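Read through the structure below, which is laid out as structure tokens, and then see the notes.
Where a number appears in this text, it was derived from the coordinates with a stated rule and is not lab data. Quick caveat: nothing in here was measured; it's all calculated off a predicted structure. Ideal geometry is used to build each Cβ from the backbone, glycine not excepted, and the neighbour counts take in all protein chains shown.
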Amino acid sequence: MLKRLTVVVFIAAGLLALLAGLVAVAGPGRAEAVPAFARQYDLQCNACHTRPPRLNRFGEQFHMMGFQIPSAAQPGGIVTNVREDGTVKTLIDSLALRVEGGLFEYSASPRETETKFAPPDEITLFVARPLLPELSIFIEIEGEPNAVAFENGRYFQRGQFGLGKEAFFMLNLGRLLGALGAPTMEMGGQTMVGTHGGFSMHGPMLMAGKVDPNTNFSYATNRQLIAPTELEVAHGKVERLPVVPYAFASKFFGLFKNRDEREPQLATDQVMYNTSGAPGADFHAMLNDVVLGQVGFLRENEGFNTYMAARFDLLDRGEFTFNVSALMNWGFGVVRAPDPEDHNQPGSNRLDRLRYGMAANVRWKQLDVYGAVIWDRLYGLPGELRGSFDRSATGLTIQVDYLVHEKVMLSSRFDQLWAGGLKDEKRDGSVLSLQAKFYPWQNIAFFVRDSVNLRSFVENSPLRNWRNQLFVGIDWGF
Amino acid sequence: MRAKLFTSLAIGVLGLLVGLWLVPPPATRANGDKHEEKGGHAHMPAPLEYADIHVPTSVWTDPAMITRGKEVYASRCAVCHGDQGDGKGPAGVALPLKPPDFRDKDGVAEMRDNYWFWRVSEGGQVEPFKGKGSAMPPWKGELSVDDRWAVMAYQHTFSGHNGPHVPWGHPESIAMGRDIFVMACVPCHGVTGKGDGSVGSMLSPRRAPQPRDFTSAEFKFRSTPSGQLPTTADLFRTLTEGVRSSGGPMTIGLRGHRIMPSFQHMPVAQRLEVLEYVKSLNRGFWQRGVVKTVTVPAPPPLTPERLTRGKQLYGDAECLACHGTRGRGDGPSAPMLKDNRDLSIAATDLTRPARFKNGARPEDVYRTLVTGLAGTPMPSYGDSLEPDQVWDLAYYVLSLSRGGQSAQTGSR
């Protein structure tokens, strides 16, 4: 008994050391499509993706169950893979590379344009595979030659290399509940809670490390077909804010991430979902194949988030699926209010943030429509700022994808920002993006994308000091 | 300070969870089989040799069959199972594994007809029943198939259920397969199994292949003659191997050939469970009577003469009209090919065995040639070619691949 306990303690310590390692390093990141899984399962990319990187229903199930073919996990895990395929092949099958880059053109007005190359703006190495039937890892190692850093009060471009947005392990806790007395069912090497024909629960799955809980939401903003543009900086200041799904953005002008470094929290920074790397833990479980419940916590700036979300798969009939999600998130001290005397400096007050919202996804034949509306509200604002600071903000994002041809995906996204924050700085934004993505092979896409600022041009607003953005690029996964 | 407290708390909780996870769950909670908990009679899927023996639905309510079954039961079964079917016959009381109580409505409802037939036929002489001490004799040598069905129909009357004993009347008998189906199959095959899940239309839009409609009469991958439903073993093979794509854009530099994943790591019993659920979606499996299969003879030696004859047949049988002279799927008819849903379908590139949907071993190619692929333009040559000619053609087809290696080794 003592020996078994010692083994348990050692294994637990090992896993925790892995978790600590993942948590310790931080770096920016983006969406993922992982050809490593295509190699491991000898499966086409499109079996899991509507088109990479967006997941289809099967891909969502695959992700939810810890990157395992549902009900058919490899019984011996990686040990069997090494024995059957050899070390080298197992290692190669665990790795994937993704390169994105292209040519970017800004247009401030019909007479002012700026064109530049964006040489591979992101190179990501993935290490991803199941280790045991109920344990898997997913690690992004990312290089960004044009990353924007903030230091000593100034923005500048500096190449970055390190752990990407997501680096976590995923553990099926079904057995844990079984040990505690719950009825369990073994399905393909994985443990389910419940009884056949009665209540059933897949998971709960623990996802810990640098996690993004967004994949289970009806709008998975961390797997976007229309990738966000880059933050533009010049002379140490923000020149132009990126075009991102505004529903998931910070939405407030004038906030700061922290006090010591005085780094601003930009209105388009992604928070909670699709962040640049948030250590935390996420629990999710699928109940009766209809409700996906999720709770967790994440660090954010100087504070941390707690969140809960639920997705309801309401309809699945004749090539038509419909699901809705609801999200509620409370961020404890996650941003810092500006100093009431000097709005360019962080003040002493850390603010709590309540975020709530809903999303929906309809799929019918080659059409995929999804959208989210998210409200944010800040608490703890200093009394002196109450007259000059709007503490509520809302974002709306709707995207339509249509597979016009097997190799051509047309996408259109509308983003609406009803911004909050300092009233003399804040601007609302409306952007329409159109994109055509051509996949000559399933893992290589060439795309042309155009974003249009639907609001009036404002010279001194980094959100609206542009009219048009044209981007021609390549997205290659290997 | 707050962050440190938060981190310590998180690590503590995680440590506890990981430690508990390593403790295995109690072994008794196995797959929710209520009947097993009551009497130790596990209701497992019938093995493949019995999986296709489904009792015609009329048998369960046919008075003549029930009367005949009563006679057989009285003379062979009642001594252990009791006159009232309660498992308390005089010879059954002392047995280590007690005969089941046929009045147990829940327990009977969980038994599928092919499982029941298997038990009556083989008795307790097969595992796991033998290991549990079952003393039931095998009746396959003494009772005809009709007599075994008759006695099952009579035993069924003890449960108080009056209709046919079929899965769509007893959903609990296929509950496990349904759970697996929902998790693993619905995204492509749809909730009702009509092949209309949300994935198929994005996977290969407006062209074949599309996910199989399990409710239809047409299944591509069979060992049964053209126009018939597949055997459970055929379905098992497809589930185990997955399905490869013969056309459309590929993943460059990757393996990634399958459009349907291989479920080879799903335990055999669970694969059979999900197939029992799949079959329950199509009542044709209960109406087809005796199942005939195509016999694949042992592969003859590969000789140059055989390849020469195969090449001649390739032209004579019009293979080149679709697959092209060099087998690249670029024959003159290829652009016009349609499947039974009027969707464009690619002629398989025979130079790439890795894309053969129905397998690339010599015996797989033989079977494909004899059975054809239902619902596609690929015909059956079972009636027009002799077995030896089919081998000639199979070897020639495999020789079209680069180096012709597959003719020797094959792969799936």
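Observations on the structure shown:
- Compared with the direct C-alpha span, the chain from A:VAL472 to A:LYS89 gains 134.4 nm at full extension, assuming 0.36 nm per residue.
- Using the Cβ-Cβ distance between A:ASN152 and A:TYR402 with R0 set to 51 Å, the FRET efficiency works out to roughly 0.60.
- Once the C-beta distance of A:VAL290 and B:ARG341 is scaled by a Förster radius of 35 Å, the resulting FRET efficiency is 0.70 to the nearest 0.05.
- Across the range B:48-132, the mean sequence separation of Cα contacts (distance under 8 Å, 6 or more residues apart), normalised by length, yields a relative contact order of 27 percent.
- Anchor B:LYS130: aspartates and glutamates whose Cα lies under 15 Å away (excluding residues fewer than 8 positions away in-chain): B:GLU122
- Considering the range A:293-404 at the alpha-carbon level, its Rg and Dmax are found to be 18.6, 61 Å.
- Of the peptides A:365-376, B:299-310, the order by per-residue mean of other Cβ atoms within 10 Å, starting with the highest, comes out as A:365-376, B:299-310.
- Taking only the alpha carbons of the protein assembly as shown, we obtain Rg and Dmax values of 31.1, 102 Å in that order.
- Under the shape rule built on the C-alpha gyration tensor, where the axes satisfy a ≥ b ≥ c, the range B:212-345 is prolate, since a/c reaches at least 1.5 and a/b is greater than b/c.
- Residues B:THR348, B:THR295, A:THR90, A:THR275, ranked from the fewest to the most other C-beta atoms within 10 Å, line up as B:THR295, A:THR90, A:THR275, B:THR348.
- By the count of other C-beta atoms within 10 Å, a proxy for reagent exposure, A:TYR402, B:TYR73 are ordered fewest to most as A:TYR402, B:TYR73.
- Normalised by the number of residues in the range A:216-347, the average gap of Cα pairs under 8 Å and 6 or more apart makes the relative contact order 20 percent.
- Modelled this way, with points 7 Å down the Cα-to-C-beta line, the labels at A:ARG262 and A:ASP352 are 3.0 nm from one another.
- Sorted from greatest to least, the principal axis extents spanned by the alpha carbons of the range B:304-408 come out as 39, 29, 23 Å.
- Per-selection Rg to Rh, the range A:213-325 - Cα, Kirkwood hydrodynamic radius: 1.05
- Calculated on the alpha-carbon coordinates, the convex hull of the range B:41-157 measures out at 94 cubic angstrom per residue.
- Highest mean packing comes first when the peptides B:112-119, A:381-388 are listed by Cβ atoms within 10 Å, giving B:112-119, A:381-388.
- Per-residue average of Cβ from other chains inside 10 Å of A:359-367: 2
- Shape of the range B:131-203, Cα gyration tensor, a/c cut at 1.5: prolate
- Nearest-20 debye value, the protein assembly as shown charge dipole, Cβ charges on Lys, Arg, Asp, Glu: 220 debye
- Inter-chain Cβ neighbour count for A:280-292, averaged per residue, equals 1 (cutoff 10 Å, partner chain atoms only).
- Neighbouring partner chain Cβ atoms per residue of B:261-270, average, 10 Å criterion: 6
- Above-threshold pairs, the threshold being 21 Å between Cα atoms, out of A:LYS251/A:LYS426; B:LYS220/B:LYS311; A:LYS165/A:LYS257: B:LYS220/B:LYS311
- Taking every alpha-carbon pair under 8 Å whose residues sit at least 6 apart, the range A:14-477 reaches a relative contact order of 14 percent.
- When the alpha carbon gyration tensor of the range B:290-365 is reduced to an equivalent ellipsoid, the three semi-axes, largest first, read 24, 19, 12 Å.
- Gyration tensor (alpha-carbon) shape descriptor, chain A, a/c threshold 1.5: prolate
- A full extension of the chain between B:VAL126 and B:LYS140 corresponds to an added length of 3.7 nm, given 0.36 nm per residue minus the alpha carbon distance.
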